[in-house]
1. Hey, among GLY43, GLY49, which residue is at pLDDT 95 or above, surrounded by fewer than 15 Cβ atoms within 10 Å (Cβ to Cβ) and outside any loop (DSSP other than H, G, I, E, B)?
2. Mind checking which pairs have a first residue in region 31-51 that is under 19 Å from LEU117 (Cβ atoms) and a second that is part of a loop (DSSP other than H, G, I, E, B), Cβ under 9 Å, 6 or more apart or different chains?
3. Between residues in region 86-103 that are under 17 Å from ILE41 (Cβ atoms) and residues that are exposed (fewer than 14 other Cβ atoms within 10 Å of the Cβ), which pairs lie under 9 Å by C-beta distance while being six or more apart or on different chains?
4. Could you grab me the full set of residues in region 54-100 that are surrounded by fewer than 20 Cβ atoms within 10 Å (Cβ to Cβ), at pLDDT below 95 and of a type in the set (Ser, Thr, Tyr)?
5. Residues being out of contact with any helix residue (DSSP H, G or I) (no Cβ under 7 Å at 6 or more places or on another chain) and open to solvent by less than 80 Å² (accessible area, probe 1.4 Å): count how many of those fall in region 7-30.
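The values are calculated or read from the model by the stated rules, or taken from the named source; none is laboratory data. Keep in mind that this is a model prediction, so the values were computed, not measured. In this analysis, Cβ positions are derived from the backbone assuming ideal geometry, glycine residues included, and neighbour counts consider all displayed protein chains. Note: areas computed on protein heavy atoms with side chains; ligands, DNA, RNA excluded. Shrake-Rupley method; radii C 1.70, N 1.55, O 1.52, S 1.80 Å.
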Amino acid sequence: MSQTTLLPRSEIPIEETWNLESIFPTVKAWEKGLNEAQALIPGIAVFQGKLSEGPEILLKAFDAVENLYRKALNVMVYGMLSSSVDTTDQAAVARAGQGRSIFVKATAAAAFMEPELLAIGFKTLHQWMDEEPRLAVYAHYFDSLERGQKHVRSKEIEEVLAMAGEP
């Protein structure tokens, strides 16, 4: 009977491994991405309480949140994939934790959006899509939010729920 063991990553052909460099070329670049995502979080708060001011501000808010989420997700995925390669690599495990943390903070920062969208009302949101064609890409999102609106809580509760991912 033969015994099988997992090979160390260094012995696995490169074409059979994740290409982390396609996300960030180096750990230093990942650190820069982490800092960039962290710096974007306070900018989301400027939209809180203002989404009802019109389609232009709503579009700016969506753009800002999408940019933050994209950066935070890249940071998180890089960290998680690098730690999955070798769970004994404490630096990689720390990056995975930092990546998860930054994404949780990003979602908590944007927790006010769905309650505010519900307060605006779907009739108004659909009217704004007519006025501002760039909002049309959110039509499915608005429809989905309308179907699930009974599950959306206040901004404070949504923020607590988002932060629950932190531990």
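1. Numbers: GLY49 fails: outside any loop (DSSP other than H, G, I, E, B).
Of GLY43, GLY49, the one residue that is at pLDDT 95 or above, surrounded by fewer than 15 Cβ atoms within 10 Å (Cβ to Cβ) and outside any loop (DSSP other than H, G, I, E, B) is GLY43.
2. Listed by first residue and then by second, the contacts come to ILE44/ALA110; ILE44/PHE112; ALA45/PHE112; PHE47/ALA110; PHE47/PHE112; GLN48/PHE112; GLY49/PHE112; LEU51/PHE112.
3. What qualifies is ARG100/GLY165; ARG100/GLU166; SER101/GLY165; SER101/GLU166; PHE103/GLY165.
4. Answer for region 54-100, where residues must be surrounded by fewer than 20 Cβ atoms within 10 Å (Cβ to Cβ), at pLDDT below 95 and of a type in the set (Ser, Thr, Tyr): SER84, THR87, THR88.
5. Looking only at that region, the number is 6.
Results for (1) touching a His at 6+ places or on another chain (Cβ under 9 Å); (2) within 18 Å of LEU59 (Cα to Cα); (3) modelled with pLDDT under 90; (4) small (Gly, Ala, Ser), shown as yes or no for each residue.
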| position | (1), (2), (3), (4) |
| --- | --- |
| PHE103 | no, no, no, no |
| TYR138 | no, yes, no, no |
| GLY148 | no, no, yes, yes |
| ARG153 | no, no, yes, no |
